[in-house]
Structures are given as structure tokens and as C-alpha cells.
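Notes follow once the structure below has been shown.
Just so it is clear, none of the values below were taken in a lab; they were calculated from the coordinates. Just so it is clear, the model here is predicted, and its values are computed rather than measured. With ideal geometry, Cβ positions are generated from the backbone for all residues, glycine too; neighbour counts draw on all protein chains shown.
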Amino acid sequence: MAVPACPSLINIFVRFEIYNPTSTNISKYDPVGPGVEIDLMDHDSLSGDDLLDKKNTDENGLVTFTNRDYPSKAGEKTPDIYFKARVKNMKLVNRWTPPDDWSTKGWTDVFGRPGYYPNWTPSDLGTLDDPLVFRIGVEFHLQLSYTRLVSGPEEWIAPPGIPVLAHAYNGVLGQIPLIGIAFRNDNAFRTDKKGQVHGLVFNVSPDQKVTFVIHFQIVDKSINLQPAWVEAYGPGSARSPREYYWITDGSGSDADTFDAITVPPNWIGTPTEPKKIRTTVGDKNVAMFFLSILYEFNAFLFAITGKQWKGFGDGITYTLTTLGGTSYSWPVGKINIDPRDHWNRSVIVHETAHQIMWQEADIGTIRIGFEYLFVDGKMVHWTQLLYTGFQALTEGWAEFFEAIFCGPSQPGYNTPPWDVSSVDDNKKQFKSTHTNFGKNWIQLSPPWDGIGQYVEGAFSDALWQMYRDFVVAGASTEPHVLEVMDDYEVVNGNAWVTDPAVQGRFQTTIWKAVDGLASRGKTTADFIDTIRQVSLVNWRNLAGYFQSFNMFVPSVDGKSMPTSSPNAGGGTATITGQNFVDAMQVVIGGQNATVTVQSSTSLTCTIPAANPPAPAGGSLNVDITVWYQLRVPAFTGNSPATWPTQMQPALHLPGAFIYQG
Ligand SMILES: [Zn+2]
């Protein structure tokens, strides 16, 4: 009796992996893990697909099907096989939700071998050492960049925190995407510091195309960058603002679509070599440019304030208007950039810096509107204008940030410091009080009567000099923020930003001063006085920066002392006034008195011995002079290069005191 030949065993080796962007594994692919059920299926279009066998994956995501035959329910000798991974309960990294199951039908394995075998004549598939390897879903690895239409390098990578959505559709350009990946602000794929986004999508069919939608939004909680947007006036006649985005299946040079299945493997780009997509077109570039600057701005503030910067709590919206006019920062949370300024870093910084002050100093939309529309009827201002303490504060503040982000007096930008040795009194704000009224152009100094605090250029100059020489001090010869291109690390080239000493000085001067405005007036004098209160120890030094530009100047309004003294001196004189600082001197009869500054409004001194003395039995009338220390910027072009110190009289009283011989 013939014994039928014993058919040999047929082995199928198949392994499942999934991309894991958070893995420490260099390959970044994790096996699906043990216990994932893998179904060996037979496709049957009439009776429905049949289950031929099932196995659970091992630790390496591997299953081995071993059988002598794989008959289908219909008794088919050549079933149409594929695999189905039941991944629903698989633990997935990074908040992604896997589908119930994932079929290999239509996909290829990582080496290009098919995931579907129609009319399969049973034979081995794969080996233990070389199994079929399927990666679940379609992964995408992109690097976003944009083109700058200004001088310098053309290509810049996109900032971190830009959301990217993947859409799948059935292949006709312009068709409405069929499948939208669930998108929420807290669940989006977002660019990293290399402008890269690495993501994984499941609900895509092998016959579909994938396109990407990049919204011009940004958020980065690691630096308290709250959500910000760019909105644009829509194309055509519709002039209502709308959120702006870039969809890669559009037309134009920045269009790009991808087949879901590329052979091999099923991915777009690789973790180490992401697919580059770059917008080169008009306003999409501009939107990316705005967000890049906002990112830098926020990263800088977060660092230099020692994380006290909480971000723009209500978010920021940039309007990318096509309407000519003027750029402005109003109402609170909204910034409008004129087309002529779309590539002007300094203007974008300026308008964004206004929003810091609106928020930190608690200056509301109505107040801003009042100051700009009613006090300044034309919304016109310039650096040398003698105007109001509010105007000088808010504009000088914004200009100070221009210097931080663009560098001082950079070509192409109009940044402080400026030579404001003379100022324009054309607005005649000081009609009733100002001695130089009517001259239009007057010297900022002397007469040292505090007019600098009404001049935005003087205030921004003072802030910039204090920042450069005191806050940053020796930590860097370039105290402005070098633009970041490659990795959006604010410390790249700007190491001083993370110097704790620099941060501490920034906090106790500039940051506490702007925060302090929330509970007091909104003028340069209020700002400077807060610095004085917070930094009493350093005030003698800091006062010089402001007094150099004719702000917060000491004045004397009274004295209390004996009318006369014997030649030996020794009595006490009390001088009262405003804005007293250390290093004040009182000179009586040509002799320095020993001075103790008691407060910003009072000092005492000991009357010195007379020299020369009054004659015996006679008397000697002498002068009293009160001096303060002044540092005067000596401009070279626009740059104050040196800071000579000089003593300046705050009061001179000829013949005001008598020594008795
Ligand atoms: Zn402004």
C-alpha cells in the first residue's frame, strides 16, 4: 500500500513594527510587542474574507504560521492571503490612537515584498532570520522651510510649534480631502526645533495620496509661547479675515503630494532624511517669517526673565493685510502689519513689543485707543518728538526691543540708539511750562529740566544703554539677539541670555519696571521710579543712564540749616528736593561737605570748616552749590561711544551762608 508522501510543513514568518518618534532606539521602530493577534486571512470578494489561522506576536512582534496546508472555508487550494494585525489594544506611544486592525493588503513590507498574495500556492514566506516586516500605518518625516524675500540666506527652516495635518485623498489634485486626521491644538503633529515633523497616520488606503496642511499657527508650552495665529484677508473680493494655511496639494511651486504607498517602503521621508517641503510663495513666506520672529521673541523673554514671562495670555494674532496704511498694535492681542513692512524684522518686533507692555503694564484697548486717537490725533510720532510721558514710554519701549532684536543702528533698520541731542517741540505740549517753548528745535540738554522723559528716542536710548552696559554688561560684546536659523535655540550665539547674572539684572530693572506699571501711572517717570525702588543698591549707577538723557533729573526745592556758623563748621544742613541719588555733593564756601543721601527727596550734610576762615570778629558770605553726578553720552554718529562723567549743579545759591569769625 502506497503511503502518501507526507507533505512538508509550510512556514510563514512575519513581523510587525511601528514607528516610535520618542524611542531611544536608534532605529526608532518598535516591535508591536507581545500578544498582538495576527490573523492570516483569505480574501473572498463573494463570501467575505475567511480567517485561516491566527497567532499572537512574541516580544519581537514576530509570528510564525506553521501548517501543512492552508485550506480556505471554500476549500480553495490557492487562497488569496494577507495579514491583519489586531492592534486596537496595543499601547501606543505619544497619544496616537491605533485603528482596530491594520491589514497588509495593498501595502508592501519594508523590503518591497507584497502584503497580499492572490492565488497563493502554499510555500514558505520569509524565514526566521528574514521575515516579512510590515510597518503599521504611513509615517511621514518632513522638514518645512520657507523663502525669505530679503537680503541674507534665502532658505530658512520653519520655527518649532507649527501644526501639520496629514490628509489622504483619492488622487485627483484639488479634490477635497476624504480623510481628515483628527486635529486639535493639543493633539497635532508639530514642527520641532529643526523645522521637522515626524508623524504617523493609520486611516489611509494604499491607493490614496497624502497631502499636508500647514496652519500658520504656533504654540510651544516649553517656553510659554501661547497660541498665536496669522490671519489674512482672503483671496478675491472677500476681505473678511480668515486663518491662513498652506495646503500642499495646491498649485504653485510649493505644491507637493505623495503616494501613500511608495515602493519600498510605506513612508514619506525618513527620520534622518526628512522630505523637504518649502514654500516659496508670497504671503505664506511672510506668515512663516512673522511666526519665526515671534518664536525668537518669546524664547528670549522666557529665558531672560528667568521664566517669569508667561506669554501672551490671550494669544496674539497677526493680520497679514494687503491694505496699505500703517502697521499698528491694537487692540490688545492684535497686530496689523502693513504690506510695506512684511519683511521688516524691526517693525514686527516693534509692534510685538507693544503687546508686552499692553499686557504687563495692564494698558487696555480703550486706553491705547484714547492715547493714540485723541491725545495724538494723527498717530504720528518720531524719535525726537517732545511729547507725553505715555507716548515716550510706549514707543521708547518698543524701540528698545528693536535694538535688542536687530542690533543697534543696523543698516536697513531704524533702531536706537539715536542722536537725540536736540528734540522737536513742534507739538507744543509744554506751552505753559517749557521755557524753550516756541523754538521748535531745542537742545535735549542742558538745561537739565527733565524733558528727556517726554521724548521716546531719549527713553529708548537710556533703556538700551542701561541694558547694554549694566544688564548684559561684560557677558557679551553683542547684546542683541542674533537671528537663529538652524535650530531655534535662543542660546545659539546668544549664550549671555541664559547667564543667571544677566537674567537677575534684567528682572530687577526692566522687567519689574514694566510689571510695576500695572499698579501705577503709565509714564516714563513711573517706569524709572520703579527701577529706583527695586534697585536702590544700584540706583546711583542706574540713575546715570536716565539722567544722561535728561530724565529723572535731581532738583532742589528747599534747605534747612543755621543761617550762620563759626569757622569750625559742624552744624547740619538738610537739603530737600526730587530724584536725589548717591554721589550728590554739597559745596559750601568752596569746601565739600560730608553728604548722606537720606532718601530720593532728602539729604543731610555736615557744614565744613571755613576755608579761608572769616576774619576774627567779622563775617564771610559764601555760596552753596548742590551737585549731582551726570554721565553724558558722547555720540559718534548714532552710537554713544563714551560716557564721560561730570558733576552738574542742581542748585546754586550765591552768598547764601555766613561764617562768623
Ligand atoms: Zn509703535
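Key figures
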item	result
D449-T576 pseudo-label distance in nm [points 7 Å out on the Cα-to-Cβ vector]	2.3
Approximate spin-label separation T127-A518, in nm, with each point projected 7 Å along Cα-to-Cβ	7.0
Extension gain (nm, one decimal) between S47 and R340, 0.36 nm per residue minus Cα-Cα	98.8 nm
Efficiency of FRET between T636 and R367 - r from beta-carbon atoms, R0 45 angstrom, step 0.05	0.70
Spacing of the two label points (7 Å from each Cα toward its C-beta) at S205 and N567, in nm	11.4
Lysine pairs within the stretch 10-136, Cα separation less than 15 Å, 8 or more sequence positions apart or different chains	4
Largest-first principal axis extents, alpha carbons of the chain, Å	158, 54, 38
Burial ordering of M41, M288, M485, M561, fewest other beta-carbon atoms within 10 Å first	M485, M561, M41, M288
15 Å cut-off, amide nitrogen to a point 7 angstrom out along Q660 Cα→Cβ, residues in the stretch 532-574	562-572
Segment A473-Q226, extension gain: residue separation times 0.36 nm, minus the distance between their alpha carbons	85.9 nm
Within straight-line cross-link reach of K276, aspartates and glutamates at Cα separation under 16 Å, skipping those fewer than 8 residues along the same chain	E139, E154, E155, D192, D249, D254, D256, D259, D486, D487
Whole-number D in µm² s⁻¹ for the stretch 555-660, Kirkwood Cα-pair radius fed into Stokes-Einstein, 25 °C, 0.890 mPa s	166
The chain: angle of helix 345-360 to the longest principal axis, Cα-based, in degrees nearest 10	80
The chain: calculated mean residue ellipticity at 222 nm from DSSP helix runs of at least 4, using -39500 (n - 2.57)	-5000 deg cm²/dmol
Rounded tilt (10° steps) of 539-548 against the dominant C-alpha axis of the chain	80
Compactness index (Cα Rg / 2.2 N^0.38 Å), the stretch 10-136	1.06
